[in-house]
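First comes the structure, then the notes that go with it.
The values are calculated or read from the model by the stated rules, or taken from the named source; none is laboratory data. Keep in mind that this is a model prediction, so the values were computed, not measured. Cβ: placed from backbone, ideal geometry, glycine included. Neighbour counts: every protein chain shown.
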Amino acid sequence: MGHEHVHEQITALAALDIDFWNRDFLLTWEHREPTLRAVLLAAETIESLVREGLSVRLFDGGLGVSIFRDKSTRTRYAFRAACSLVGLATEELDEGTSQIAHGETVRETAAMVSFLTEVIGIRDDLFLGRGHAYQQEVAAAIEESHRAGVLIERPAVINLQSDLDHPTQSLADLRHLAAHFGSLEALRGKKIAVTWAYSPSYGKPLSVPQGVITLCTRFGMDVVLAHPEGYDLVDDTVSAARRFAGESGGSFTMADSMPAAFAGADIVYPKSWAPAWVMRERTRLVETGGRAALDDLERQALAENARHRDWECTAETMRGTRQGAALYLHCLPADVTGVNCESGEVSREVFERARLDTYRQASYKPFIIAALILAARFRDPAAALEHLLQPPRTRRRE
Amino acid sequence: MGHEHVHEQITALAALDIDFWNRDFLLTWEHREPTLRAVLLAAETIESLVREGLSVRLFDGGLGVSIFRDKSTRTRYAFRAACSLVGLATEELDEGTSQIAHGETVRETAAMVSFLTEVIGIRDDLFLGRGHAYQQEVAAAIEESHRAGVLIERPAVINLQSDLDHPTQSLADLRHLAAHFGSLEALRGKKIAVTWAYSPSYGKPLSVPQGVITLCTRFGMDVVLAHPEGYDLVDDTVSAARRFAGESGGSFTMADSMPAAFAGADIVYPKSWAPAWVMRERTRLVETGGRAALDDLERQALAENARHRDWECTAETMRGTRQGAALYLHCLPADVTGVNCESGEVSREVFERARLDTYRQASYKPFIIAALILAARFRDPAAALEHLLQPPRTRRRE
Amino acid sequence: MGHEHVHEQITALAALDIDFWNRDFLLTWEHREPTLRAVLLAAETIESLVREGLSVRLFDGGLGVSIFRDKSTRTRYAFRAACSLVGLATEELDEGTSQIAHGETVRETAAMVSFLTEVIGIRDDLFLGRGHAYQQEVAAAIEESHRAGVLIERPAVINLQSDLDHPTQSLADLRHLAAHFGSLEALRGKKIAVTWAYSPSYGKPLSVPQGVITLCTRFGMDVVLAHPEGYDLVDDTVSAARRFAGESGGSFTMADSMPAAFAGADIVYPKSWAPAWVMRERTRLVETGGRAALDDLERQALAENARHRDWECTAETMRGTRQGAALYLHCLPADVTGVNCESGEVSREVFERARLDTYRQASYKPFIIAALILAARFRDPAAALEHLLQPPRTRRRE
């Protein structure tokens, strides 16, 4: 009969107590652990189907809508690839990136692009204090229109990066780690160093480190966070990470330098971000229109960054990791010293060695997004996947 | 076996004498009443299929091309949603919105985007005297290439808003009214007030009111049109409305104020538009390149608008409608006083009460477009829908 | 049983010794003649399937990615139409057209847009010495990621126009000639005049004439090339044409005027292009940022062009062709005297007579692209096509 491995995965998925149907996915910490496990397992199962050349066309018509309020190549592509895989056409809503929409406009637009839509992916990460709020507004508007009977179906809102979380990235990262180390269980007790790194640009969102520390702590990992003074993450995410670590039997600690965080680490994730206060001030200035003050803020932030040029992931700092061979993670694109900038997050040598690994890390994102669509839109995700095998159809007609 | 309601709708559709196969849909008044009834019924049937979770994938490959010569969110989305529902991929032709194309370019481009294309949706509403002409040019070019054997199939041109008509809007409006009042027949003798309303912007197309008065008069409705002096619609559409009213047993009358038009109305459609002479002058100035004169025209038009700030749909004006509870229509987005403008077409109170109704009104557009594609591209639309049930496939594989 | 003609075409296709699976298609002269014959025959077969109303949906999910580093309407559309026909969704990567990307960025981006992707179509024709190199970089990056196991499938890179070749155009042209004259064999000994023609614009790529002379010479045609002094094509392509002519029993000769080239020609292809040295200098100036020097170059090139206004295809020059009735080819859009320019490549009279023929010529491109996708992504293209008939599905469900 074949496809035994896929059947086993589906059986394991069916055993999980998922609570996600007809809901949104904005923050991983709003969802229960079995739901997160189900998404990871569904992603793995969908990948297996693809590797076996089978169709994953779960829908026969319908739309995936994307709203990008920031530039994106990787996530935009991953969303399209996932939609295409499961049988949804895509439509991108072009709102412009310069304005911070709110109120009536959001409510109305959300309804207008939801007829026949199964999923709405939103990236809104530029303005701290606004991105998650915007996604909540869209979700509330859809809920209202669905309850009123205006929408026949209720599309799921999926966070493709907000000011608080980047769940398709962090789940792809976790899937990558589980694949690399053998299983999700194998990650228990593994040490991951999430650290700030120098970049000659300013205004990078905080959502990646926030997403990673809040997710890895739920699966028994030892998470160490390090950043220069003043580059604190949003308080709530740090306290959530601490709480999760306590619950899962993992740990969450702080270190005060990259080498300290890297010491004995199995995995390192050195990446630049802006201080929360800079991001909040930027939001305020954009909303009040202070052009000159914005330029000042940028200058000030870059000058502050420049004081921390030593936060670079080099062969030297890597030497302190477990056996000098920690797995290097990056959400890409990285600022690589001597490649796309004079001085950046990572040395050319370290990055070049890890380059194909970072591509592999990225390769899981389409599967994570497809799994989120499956889990949000199908009451019984395991049955839907099983249905794909009755009988199996090849993706290539041959 | 189930789906009896859909079977009944298909049987009713099969009984209609449709004359639309391999033709275009540019103006409702170019089409016979049975064709319009068939489009409305097909839209209702497709909606039923969707509500029952069934696939409406009429095509297995093929393209829907859209050409937007004006900004659009709602109609662009509705076109994509409709194409996706029936199984067509979409491609948007980006011509820029600033130039008024004509001649060779149109003829050639039309052929170039028609290979393997089933439908071409065009919005060209900015320039009075040009939009419909452009759509005719595209249609003629396609007809020529099809006759010459260059095009294997003849894509249908569908008007997604021109200077004369906005048939996907007016048909969606009519479908909304039929759903609201119970049936198309139930609309006979219902009074609809189509009135101008104040807006702080200028240059809004005339196609919505023109589309509504020419369509509602064909189904026995009592249509009242009201606008300030000088805001006349294009003569031909007004005389068509008058003629249709005579033929259908409805009526078409003029009123000289919003309250007069609203008196006893079952339905109100207060909406801003520009005077025809302003739109014609704008076309002339754009074509002759008079930048300064265009600015003057805008100033003059806004000043004229400002004299009619009292044309606002308020709780007070609504009180005069039938039982003070007329159904409020708007094609969206509306200029809502105190929400997105200081003073606009409708008060916040009235709009908020009607808001979800206007979303519902908009929800019919994808089904109307899908029905137009069906009726234009299938020789026997009823048989094509019946085919979808032999056997029925679910849209979600579960 | 029906579809006998298609079965015969598939049988003929199965007999060809193709060597293209899991490879790229950047230059026709990198591929063996049986592969080119197979692409032409597959395109013809796919067209037959479409003419018989049958589905050509070879894929059930997957993406076609396009990268356009130059404006495009026709080729962009043809790529979408082909992808839609075979069942691939499309995604366009928007890089901007102003920069010449290289190095890390290309390598990383190529991997990022390749997960679940079957084909990547690239147009990069603006900068002589760069376009083909860029396509090679993308292909090498994909090959690397595929070998490393990062990509489950290896998407094929297809050249949608580079500085060296425009194979989807030249193959569509050849398919058009075969259809016009009855068969590929019937082209043996037919004379085609590929000549420069005057245009009031500068910077037109050389890839069309280069593509045509290198392809037609492989099938026994008599190819004559003519251009004003200084408008030489890239040396390698001319010497390849000469070599191919020798091998195929055709001929490749030069003439020094349009009338000389046209004498007795069965087919004429008069088209403007820029001198190779101008294109090379432009690349250098863009890369070194010499804005003023670029303006000088443009002025100089236009002045040089203007000395050759007499290179226009007119009724008079056409009179010298075989029976005064050579088939006129153009890749469109043409610069037509008195239509879209004062003085151009072809007179209004000649172009208007040939207009529908040029549309027909263009109509083959989607089929050529579909055939390239088939041949690159299916190990046994004939079996894949045969599979479409077991049983045949209609493209319209009726």
Inset, instruction - Answer yes or no as to whether A:Thr35 is within 10 Å of chain B (Cβ to nearest Cβ) and hydroxyl-bearing (Ser, Thr, Tyr). - result: no
Inset, instruction - Name the residue, out of B:Phe252, B:Phe262, that is touching a helix residue (DSSP H, G or I) at 6+ places or on another chain (Cβ under 9 Å), touching a residue at least 40 places away in the same chain (Cβ under 8 Å) and buried (at least 20 other Cβ atoms within 10 Å of the Cβ). - result: B:Phe262
Legend entry - Members of the stretch B:208-227 that are β-branched (Val, Ile, Thr) and part of a helix (DSSP H, G or I): B:Val208, B:Val212, B:Ile213, B:Thr214, B:Thr217
Inset, instruction - Could you figure out which of (1) buried (at least 24 other Cβ atoms within 10 Å of the Cβ); (2) at positive phi; (3) more than 10 Å from chain B (Cβ to nearest Cβ); (4) not hydroxyl-bearing (Ser, Thr, Tyr) isn't true of A:Gly62? - result: (3)
Inset, instruction - State whether the residues of the stretch B:339-347 include one that is within 30 Å of C:Thr394 (Cβ to Cβ) and of a type in the set (Val, Ile, Thr). - result: no
Legend entry - Of the criteria (1) in contact with a Pro (Cβ under 8 Å, 6 or more places away or on another chain); (2) not in a loop (DSSP other than H, G, I, E, B); (3) not hydrophobic (A, V, I, L, M, F, W, C), which one B:Arg280 fails: (1)
Legend entry - Identity of the residue in the stretch B:41-94, of a type in the set (Asp, Glu) and over 22 Å from the mean Cα position of the chain (by Cα), that ends up farthest from C:Phe59 (Cα to Cα): B:Glu52
Legend entry - Test set (1) away from chain B (no Cβ under 11 Å); (2) within 21 Å of A:Pro205 (Cα to Cα); (3) surrounded by fewer than 22 Cβ atoms within 10 Å (Cβ to Cβ); (4) at pLDDT below 95 - A:Ala133 fails condition number: (4)
Inset, instruction - Identify all residues within the stretch A:365-398 that are touching a residue at least 60 places away in the same chain (Cβ under 8 Å) and facing chain C (nearest Cβ under 9 Å); write none if there are none. - result: A:Lys365, A:Pro366, A:Phe367, A:Arg393, A:Thr394, A:Arg395, A:Arg396
Inset, instruction - Please find, within the stretch C:292-342, the residue that is nearest to the other protein chains (Cβ to nearest Cβ) out of those that are closer than 12 Å to C:Val268 by Cα and among the polar types (S, T, N, Q). - result: C:Thr314
Inset, instruction - Only residues in the stretch C:102-120 that are surrounded by 22 or more Cβ atoms within 10 Å (Cβ to Cβ) count as the first member; pair them with residues that are modelled with pLDDT under 90 and of a type in the set (A, V, I, L, M, F, W, C), Cβ under 9 angstrom, at least 6 apart or cross-chain, and list the lot. - result: C:Val113/C:Leu93; C:Ile120/C:Leu93
Inset, instruction - Please find, among C:Phe262, C:Phe219, the residue that is within 20 Å of C:Arg319 (Cα to Cα) and not assigned by TED's automatic domain parsing to the domain that holds C:Gly129. - result: C:Phe262
Legend entry - Options C:Ser170, C:Ser162; residue that is in contact with a strand residue (DSSP E or B) (Cβ under 7 Å, 6 or more places away or on another chain) and of a type in the set (S, T, N, Q): C:Ser162
Inset, instruction - Would you check if there is a residue in the stretch C:326-336 being under 25 Å from C:Lys71 (Cβ atoms), buried (at least 23 other Cβ atoms within 10 Å of the Cβ) and not assigned by TED's automatic domain parsing to the domain that holds C:Ser199? - result: no
Inset, instruction - Considering only residues that are in a helix (DSSP H, G or I) and touching a residue at least 60 places away in the same chain (Cβ under 8 Å), look in the stretch A:49-59 and name the one that is farthest from the other protein chains (Cβ to nearest Cβ). - result: A:Leu49
Inset, instruction - Filter the stretch C:254-272 down to residues that are closer than 12 Å to C:His308 by Cα and hydrophobic (A, V, I, L, M, F, W, C), then give me how many there are. - result: 1
Legend entry - Every residue from the stretch A:265-291 that is in contact with a helix residue (DSSP H, G or I) (Cβ under 8 Å, 6 or more places away or on another chain) and of a type in the set (D, E, K, R): A:Asp266, A:Lys271, A:Glu281, A:Arg282
Inset, instruction - Select from the stretch A:136-173 the residues that are aliphatic (A, V, I, L, M), under 23 Å from A:Val286 (Cβ atoms) and within 15 Å of the chain's Cα centre (by Cα) and write down the one among them that is surrounded by the most Cβ atoms within 10 Å (Cβ to Cβ). - result: A:Leu160
Inset, instruction - Taking C:Val150 as meeting all but one of (1) within 13 Å of another protein chain (Cβ to nearest Cβ); (2) within 22 Å of C:Ala375 (Cβ to Cβ), write down the number of the exception. - result: (2)
Inset, instruction - Search the stretch A:78-92 for residues being within 19 Å of B:Arg76 (Cβ to Cβ) and without any contact (Cβ under 8 Å) to a residue 40 or more places away in the chain, and hand back the single one that is farthest from the other protein chains (Cβ to nearest Cβ). - result: A:Glu92
Inset, instruction - For A:Ile122, indicate whether it is more than 10 Å from every other protein chain (Cβ to nearest Cβ), out of contact with any Lys or Arg (no Cβ under 7 Å at 6 or more places or on another chain) and at pLDDT 95 or above. - result: yes
Inset, instruction - Kindly establish whether C:Leu294 is of a type in the set (A, V, I, L, M), more than 21 Å from C:Gln169 (Cβ to Cβ) and touching a Lys or Arg at 6+ places or on another chain (Cβ under 8 Å). - result: yes
Inset, instruction - Looking at (1) surrounded by fewer than 24 Cβ atoms within 10 Å (Cβ to Cβ); (2) within 15 Å of the chain's Cα centre (by Cα); (3) without any contact (Cβ under 8 Å) to a residue 40 or more places away in the chain, find the lone condition where B:Lys204 falls short. - result: (3)
Inset, instruction - Please tell me if B:Ala354 is modelled with pLDDT of 95 or more, of a type outside the set (Asp, Glu), surrounded by 16 or more Cβ atoms within 10 Å (Cβ to Cβ) and not assigned by TED's automatic domain parsing to the domain that holds B:Lys271. - result: no
Inset, instruction - Please specify each residue of the stretch C:67-77 satisfying the condition of being within 11 Å of chain B (Cβ to nearest Cβ) and not in a loop (DSSP other than H, G, I, E, B). - result: C:Arg74, C:Thr75, C:Arg76, C:Tyr77
Legend entry - strands (runs of 3 or more DSSP E) contained entirely in the stretch B:110-207, each with at least 3 residues that are closer than 25 Å to B:Ser84 by Cα: B:117-124, B:156-162
Legend entry - Within the stretch A:348-398, tally of residues that are under 27 Å from A:Glu118 (Cα atoms) and assigned to a helix (DSSP H, G or I): 23
Inset, instruction - Mind telling me which of the residues C:Val339, C:Val286 ends up being in contact (Cβ under 8 Å) with a residue 60 or more places away in the chain and not aromatic (Phe, Trp, Tyr)? - result: C:Val286
